Amino acid sequence: MILVVDFGSQTSHLIARRLKDLGVETKIVSPEEILLRQLEDQDDKSVKGIILSGGPASVYEKGAPSIDVKIFNLGIPILGICYGLQLTAHLLGGKVVSGKKEYGPVTLKIKDERLKMKDNNFSSIISHLSSQFVVWMSHGDEVIKLPRGFKTVGSSDGVPFAFVENKDKKIYGLQFHPEVEHTEFGLQVLKNFISICQKGHPERSEGSRDSSVAPQNDIINKIKQIVGEKDYVIGAVSGGVDSTVAATLTAKAIGKRFIPIYVDNGLMRKGTKQHVVKIFKKIGIKPIVVNAKGEMLVRLKKITDSEQKRKIIGNFYIDIFEKVRKKLLAKKLPVKYLLQGTIYSDVIESGAQRSPAGASAKEDQGSRHTAVIKSHHNVGGLPKKMKLKLLEPVRNFYKDEVREIGRSLGLPEEFVNKQPFPGPGFAVRIRGEVTRQRLKMEKKADEIVLSELQKAGILPNVFLSFPVMTNAYSTAVKGDGRNFGEVVALRIVESKDIMTSTWSRIPYGILQKISSRIVNEVPGVSRVVYDITTKPPATMEWE
Ligand code: XMP
């Protein structure tokens with residue numbers, strides 16, 4: 001077993017997931033827990049390694065999370081990632097300062113001579129690495145002095161101590177994130193650490209992932225257990241992958257006691273209502289469709305703050321669900337649960353603000369030190385007082401895992417591979433006030449982007465594509481007249497699990513076509529710009 005000590009990183013669970021994918025038993029613990037564990041369980045031989053995660057704090061700040069320094073003397077291999085490296089350095093006599101800030105991709109150069117000597121045996125932390133590769137960073141602090149006994153393995157241009165080790169004590173530190181999809185050789189570094197923990201046992205194969213990859217039967221059984229024999233569940237469905245998979249699982253668990261509801265709030269993509277009806281026809285359940293287009297715009301009037309938008313939309317949904325619940329109660333159908341397609345990245349970004357019905361300790365573990373990035377409306381945007389209990393069967397899974405579960409449930413690729421679309425819809429893609437006019441502009445521009453990517457055959461390879469009404473204005477000359485119109489930003493990104501993304505290298509000809517069509521066909525738009533920022537630091541959405 002390898003313990004992952006969670007200091008509040010956005011990616012602690014991703015570290016655990018990668019270890020599981022590599023066939024290693026893993027447990028996420030809080031720094032407070034590992035202190036107890038170490039004191040009480042000195043001879044627990046099952047722990048073969050410890051990973052100290054990243055986190056939003058600074059080690060030199062008062063109240064920053066820490067661990068008992070004695071863990072470095074247990075003889076157990078330790079890998080510190082980002083904050084974990086900084087904490088290791090800080091506790092063992094090195095120095096950490098607010099230093100060079102790096103977010104996104106940088107090149108790491110391995111300085112270690114062993115690479116040249118082809119010392120590629122499996123117990124070395126640099127086995128099978130290239131001498132130079134791209135890693136992803138997300139840090140504002142930096143180690144500027146290493147503790148005694150440590151040496152540099154690799155550096156980036158900005159950070160000399162980006163990859164360090166104390167070989168004798170088997171303590172390693174990475175300023176970059178090996179767990180994120182876009183770090184090259186990230187899995188290899190983790191494999192190397194695992195091999196060190198196994199003291200030279202042959203590497204386990206990547207294919208030995210445990211059964212939690214597509215655990216649909218477990219989830220269905222859990223839903224049955226939670227809901228019981230009599231209660232009803234209503235479900236917020238949007239036509240997106242997450243809510244469709246959550247709905248299919250629930251329908252399989254409790255059949256017609258699950259009633260899907262689609263709220264037509266006017267903030268969704270063209271054709272979404274028809275898409276939802278089509279999916280649920282396949283699942284064999286007819287959804288209730290609530291027309292809320294007019295009322296939604298009224299509630300959003302004059303609202304410019306994105307968090308406020310999310311909360312208003314969350315509250316509006318709950319009002320609607322309450323009404324539906326009362327109607328069904330009047331028909332003697334006891335509705336107790338509200339199903340939502342919350343997934344793990346929603347939970348992390350919302351700082352795990354709310355627990356679902358039947359959540360195990362594991363599901364909300366490690367959230368104590370996590371920063372709130374935004375309130376995803378299906379997690380943090382919901383009102384505190386709600387009569388319905390939340391049922392969130394895919395809350396513990398990443399996007400690509402949810403797609404996998406969808407496939408194993410037999411959902412067609414057309415639904416499983418659909419682009420994610422935020423719960424609050426176009427409201428978070430229109431910066432500033434959502435007016436009828438700007439919503440119309442956004443929808444038209446969105447259709448253009450989708451149709452051009454579709455025509456070019458690129459759409460299936462794109463994770464997310466959309467225009468943003470930026471609320472910035474610039475000059476254009478249309479015909480012979482001067483025109484002061486809104487700037488549209490185009491965001492097209494590639495990702496698998498949502499935790500990191502990179503902008504799509506769309507051929508210039510296609511970008512040109514999209515730009516020309518938007519400025520020509522969407523009245524009120526003056527120019528189009530292409531967003532070339534990675535996540536981190538920029539989120540995929542603009543709000
Ligand atoms: P970010 O912008 O956080 O987006 O990189 C990650 C994924 O989440 C979606 N997203 C949201 N979904 N409510 C949602 O239900 C929200 O407020 C929200 N903001 C972002 C986004 O579309 C992407 O798939």
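The values are calculated or read from the model by the stated rules, or taken from the named source; none is laboratory data. The structure displayed is predicted, hence computed values, not measured ones. With ideal geometry, Cβ positions are generated from the backbone for all residues, glycine too; neighbour counts draw on all protein chains shown. Ligands, DNA and RNA are excluded from the accessible area calculation, which covers all protein heavy atoms including side chains. Shrake-Rupley method; radii C 1.70, N 1.55, O 1.52, S 1.80 Å.
Taken together, ARG407, ARG403 contain a single residue that is within 16 Å of the ligand (Cβ to nearest atom), basic (Lys, Arg) and in a helix (DSSP H, G or I), which is ARG403.
Within the stretch 526-539, being away from the ligand (no atom under 12 Å from the Cβ), under 15 Å from PHE466 (Cα atoms) and either open to solvent by less than 40 Å² (accessible area, probe 1.4 Å) or modelled with pLDDT under 95 (or both) holds for one residue alone: VAL528.
The conditions are (1) over 30 Å from ILE303 (Cα atoms); (2) not in a strand (DSSP E or B), and LYS444 fails exactly one of them. Which is it? Here LYS444 clears every test but (1).
With respect to being of a type in the set (A, V, I, L, M) and either buried (at least 16 other Cβ atoms within 10 Å of the Cβ) or under 28 Å from PHE415 (Cα atoms) (or both), VAL477 falls outside the description. Of all residues in the stretch 415-445, exactly one satisfies the criterion of being open to solvent by 20 Å² or more (accessible area, probe 1.4 Å), within 12 Å of the ligand (Cβ to nearest atom) and charged (D, E, K, R), namely LYS418. Sub-8 Å Cβ pairs linking a first residue in the stretch 297-311 that is under 13 Å from LEU267 (Cα atoms) and within 16 Å of the ligand (Cβ to nearest atom) to a second residue that is among the charged types (D, E, K, R) and part of a helix (DSSP H, G or I), at least 6 apart or interchain, are LEU300/LYS309, ordered by first then second residue. Applying the condition of being at pLDDT below 65 and among the hydroxyl-bearing types (Ser, Thr, Tyr) to the stretch 361-414 and asking which residue is surrounded by the most Cβ atoms within 10 Å (Cβ to Cβ) yields SER375. Taken as a whole, the condition of being over 28 Å from THR502 (Cα atoms), out of contact with any helix residue (DSSP H, G or I) (no Cβ under 9 Å at 6 or more places or on another chain) and modelled with pLDDT under 95 applies to GLN198.
Considering VAL477, VAL493, VAL487, the condition of being aliphatic (A, V, I, L, M), over 23 Å from GLN10 (Cα atoms) and touching a residue at least 40 places away in the same chain (Cβ under 8 Å) is satisfied by VAL487 alone. Taken over the stretch 480-508, the residue count meeting the criterion of being modelled with pLDDT of 95 or more, open to solvent by 40 Å² or more (accessible area, probe 1.4 Å) and of a type in the set (Lys, Arg) is 1. For the stretch 76-91, the set of residues classified as in a loop (DSSP other than H, G, I, E, B) and either closer than 14 Å to ASP6 by Cα or open to solvent by 60 Å² or more (accessible area, probe 1.4 Å) (or both) consists of CYS82 only. Give all pairs with beta carbons closer than 6 Å in which a residue from the stretch 332-345 that is part of a helix (DSSP H, G or I) meets a residue that is open to solvent by 10 Å² or more (accessible area, probe 1.4 Å) and within 15 Å of the ligand (Cβ to nearest atom); count only pairs at least 6 apart in sequence or on separate chains. If the second residue must be open to solvent by 10 Å² or more (accessible area, probe 1.4 Å) and within 15 Å of the ligand (Cβ to nearest atom), the pairs left are TYR344/PHE397; SER345/ILE498.
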